[in-house]
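Q: Let me begin by handing over the structure; questions about it come next.
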Amino acid sequence: MINQHLLVANYKANLTIREMEEWLKRATPKLNYIKEVAIALCPNFINLPLTSEKLRGTNLFVGAQDVSQFRHGAYTGEITVEMLKGLVRYCIVGHSERKKYFGENNHLIAQKVKLLQEYKIKPIVCLENSREAEELSDLIKSREIVIAYEPTFAIGTGEPETPTNAQKMAVSIKHYFGEATPVIYGGSVTPDNIASFLDQKDIHGILVGGSSLNPEEFVALVHQVAGI
Ligand code: PGA
């Protein structure tokens, strides 16, 4: 039984350290008493230690946006699970932007998922259709994951998927991954349309991109979900 919605803020390649500090200063006091929703903030790597430090002792979680498929070693520029351990609870994997701009494929994604699970970091695996769900369900053995349904046409376009189609996809995802796997939706979610997605029986949360950048807008999203 999945009884708490999960709201994930994916700031992508945005927010300098100073801007992240400001974001946290403005949003955290309005979020850290909320129990109805699980909230995970996923800043860029540079902002992870700061975010983790500032959120210590609150009920907000921290997540990363990606991780290396290597544990450690001579892989210039990589951030590994060993480095993330202790800093994050979640890690987004296989976002469509990673596929589009960095050539990631499902085999690589499955490798990353396996490593994260070994280090007890929960992967939030992004996919955009049933074919990918089927392929990934074959490649990923453990079901200790969250799946994010993220159709590319809806990402950053202001043209979200319809809640009915998102629900259909969630059912299809659960067909491949099992009923107990939480499915969240991402793509042009705003305070105005968030409720229509969370009203769907098999959608357990939201991955928020653009609407997470402004702290007041993100707080409004959370408050909407928490019924405040
Ligand atoms: P968006 O991004 O909310 O800006 O559409 C969603 C995502 O990519 O996770």
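Q: Which members of the range 84-130 meet the condition of being within 16 Å of the ligand (Cβ to nearest atom), under 11 Å from Gln69 (Cβ atoms) and out of contact with any Lys or Arg (no Cβ under 8 Å at 6 or more places or on another chain)?
A: The initial filter retains those residues of the range 84-130 that are within 16 Å of the ligand (Cβ to nearest atom), namely 90-102, 104, 109, 123-129.
Filter again for under 11 Å from Gln69 (Cβ atoms), leaving 93, 104, 109.
The one that is within 16 Å of the ligand (Cβ to nearest atom), under 11 Å from Gln69 (Cβ atoms) and out of contact with any Lys or Arg (no Cβ under 8 Å at 6 or more places or on another chain): Ile109.
Yes/no matrix, rows are residues, columns are (1) touching a helix residue (DSSP H, G or I) at 6+ places or on another chain (Cβ under 7 Å); (2) under 15 Å from Ile92 (Cα atoms); (3) among the small types (Gly, Ala, Ser):
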residue: Gln111; (1), (2), (3): no, yes, no
residue: Lys114; (1), (2), (3): no, yes, no
residue: Tyr149; (1), (2), (3): yes, yes, no
residue: Pro163; (1), (2), (3): yes, no, no
residue: His175; (1), (2), (3): no, no, no
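Q: Looking for whichever is under 22 Å from Ala40 (Cα atoms), assigned to a helix (DSSP H, G or I) and touching a residue at least 12 places away in the same chain (Cβ under 8 Å) here; the options are Val225, Val125. Which one fits?
A: Numbers: Val125 fails: assigned to a helix (DSSP H, G or I).
That would be Val225, the only listed residue that is under 22 Å from Ala40 (Cα atoms), assigned to a helix (DSSP H, G or I) and touching a residue at least 12 places away in the same chain (Cβ under 8 Å).
Q: Checking the conditions here, which among Thr181, Thr157, Thr164 is more than 16 Å from the ligand (Cβ to nearest atom) and outside any helix (DSSP H, G or I)? Let's see the steps before the verdict.
A: Details: Thr157 fails: more than 16 Å from the ligand (Cβ to nearest atom); Thr164 fails: outside any helix (DSSP H, G or I).
Going through Thr181, Thr157, Thr164 in turn, just one is more than 16 Å from the ligand (Cβ to nearest atom) and outside any helix (DSSP H, G or I): Thr181.
Q: Right, next: Of these, Leu60, Leu50, which one is farther than 25 Å from Val113 by Cβ and either within 16 Å of the ligand (Cβ to nearest atom) or at pLDDT 95 or above (or both)? Please lay out each step first, then the result.
A: Numbers: Leu60 fails: farther than 25 Å from Val113 by Cβ.
Answer to the check: Leu50.
Q: For the range 129-178, enumerate the residues that are under 20 Å from Lys201 (Cβ atoms) and modelled with pLDDT under 95.
A: Result: Arg143, single match.
Q: If only one of Ser211, Ser188, Ser196 is more than 21 Å from Leu60 (Cβ to Cβ) and in a helix (DSSP H, G or I), which one is it? So that I can check it myself, show each step before the final result.
A: Working: Ser211 fails: more than 21 Å from Leu60 (Cβ to Cβ); Ser188 fails: in a helix (DSSP H, G or I).
Matching residue, one of Ser211, Ser188, Ser196: Ser196.
The values are calculated or read from the model by the stated rules, or taken from the named source; none is laboratory data. These figures come from a predicted structure and were not determined experimentally. Backbone-built Cβ (ideal geometry, glycine too); neighbour counts: all protein chains shown.
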